[in-house]
Amino acid sequence: MSKKRNILLVVLSVAACFIGVWHVSKIPYYKPATEQKGLTVENHADDTIRIAYIGDSWAARHSRMPKVLDSLLSSVTGKDVIVRDAGISGLNSKDIYYSIFYDDDVRSAIEWGPDFCFVSAGINDTDRKVGSTCYKENMRLIIKTLLQHRITPVILEIPHYDISYVFWHRSWIVQFRAVRSMLWTLSSLNCIDAYTRSYNELLAEQHWQQCVITIRRDDWNPEGYKDARNLYVEDRMHLNEKGYYTLDSCIAVKIGSSLSSTRSIWP
């Protein structure tokens, strides 16, 4: 009897595992976005440089900071600059892609016809461990959409925020969900570099190195939250005012260099 009971327990355990795997595989949370259509982007004929600033909480908090990107870029280029913020806290890369089509503020910022679109995406992907493959596909869709409408993407490379600190200061329920995601997507606790590699692979595969401006962390914040300049707030995940000034300075320089280049990505 004992042998039969053990066999039954093994069979039930295996069945439970298969059911669990099947259930998780059906969760949309781990699947990338599907391509959307329907944007109507305006064109402008004046010399004003228009920048949309979209994405997650890093973009949302930018709207509450002193307006320096426009003045910094104007001083670099000698042209008028308008920056339009449309960030939403908590979004991952899939949410950001969908927001371009279905959030009124974000869609309006894109259809406004900016010359450049700064996108902060990936921080919540790494925090929630949605998978580097999922992140990569969502970024492909975001960049493709912008390029299709002759908007130059300006993509923030995922910064080295204190991902371990953030995890250990979550509730146990959130930690449990993160661990479940780590097992399913094969993401480590600190998966920032892995997700960055997937982004770099995307640029290489799509031959987008010359079409996309990437704000590399080594250009403005190589030490992440450990930066001696104290660029982060106490949660070690978000920037303070000095941090935004540093980031916006880098964005201004990168866009200014792109505009001064004789090379154009547009036919």
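The values are calculated or read from the model by the stated rules, or taken from the named source; none is laboratory data. Everything numeric in this text was worked out from a predicted model, so none of it was measured. Here Cβ is always computed from backbone atoms with ideal geometry, including for glycine, and neighbour counts include all displayed protein chains. Just so you know, the surface numbers come from the protein's heavy atoms only, side chains and all, with ligands and any DNA or RNA stripped out. Shrake-Rupley method; radii C 1.70, N 1.55, O 1.52, S 1.80 Å.
Leaving out ligands and nucleic acids, note down the accessible area per residue over the range 51-109 with a 1.4 angstrom probe, in whole Å².
Details: 2450 Å² over 59 residues.
With the other protein chains kept in place, the range 51-109 gives 42 Å² per residue.
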At what distance in nm do the modelled label points of ARG236 and THR77 sit from each other, each positioned 7 Å from its Cα along Cα→Cβ?
3.8
Working out 0.36 nm times the residue gap between LEU189 and THR133, then minus their Cα-Cα distance, what length gain in nm do you get to one decimal?
18.5 nm
Restricting the count to DSSP beta bridges whose residues both fall in the chain, what percent are antiparallel, rounded to a multiple of 5?
5
The alpha-carbon center of the range 25-98 and that of the range 141-199 are separated, in whole Å, by 18
So the carbon and sulfur contribution to the accessible area of the range 136-226, 1.4 Å probe, in percent, is 53
For helix 93-102, what angle does its Cα long axis make with the longest principal axis of the chain, in degrees from 0 to 90 and rounded to 10?
60
Dipole of the range 87-166, positive end: most advanced residue of PHE116, LEU91, LEU147 [Cβ charges, Cα centre]:
LEU147
Prolate/oblate/rounded label for the chain (Cα gyration tensor, a/c 1.5)
prolate
Taking the highest mean first, how do the peptides 239-248, 47-56 order by number of other beta carbon atoms within 10 angstrom per residue?
47-56, 239-248
Computed [θ] at 222 nm, deg cm²/dmol, the chain (DSSP H ≥ 4; -39,500 (n - 2.57); rounded to nearest 500):
-16000 deg cm²/dmol
Do the alpha carbons of any pairs in LYS37/LYS136; LYS31/LYS226; LYS67/LYS254; LYS79/LYS242 sit beyond 29 Å of each other, and which pairs?
LYS31/LYS226
On full extension of the chain, what length is gained from GLU201 through ASP218, given 0.36 nm per residue of separation minus the C-alpha to C-alpha distance?
4.3 nm
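Would you mind putting 253-260, 91-98, 28-35 in packing order, based on average other-beta-carbon counts within 10 Å, highest first?
Most protected by this proxy first, the peptides run 91-98, 253-260, 28-35.
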Output the 0 to 90 degree angle, nearest 10, between the alpha-carbon long axis of helix 192-206 and the longest principal axis computed from the alpha carbons of the chain.
60
Computed over the Cα atoms of the range 33-156, the Rg and Dmax in Å are 14.2, 43
Expected output is a single nm value to one decimal: the length gained when fully extending between THR48 and SER258, i.e. 0.36 nm times separation in residues minus the C-alpha distance. What is it?
74.1 nm
At a 10 angstrom cut-off on C-beta neighbours, averaged per residue, how do the peptides 224-236, 145-157, 115-127, 171-183 rank from highest to lowest?
115-127, 145-157, 224-236, 171-183
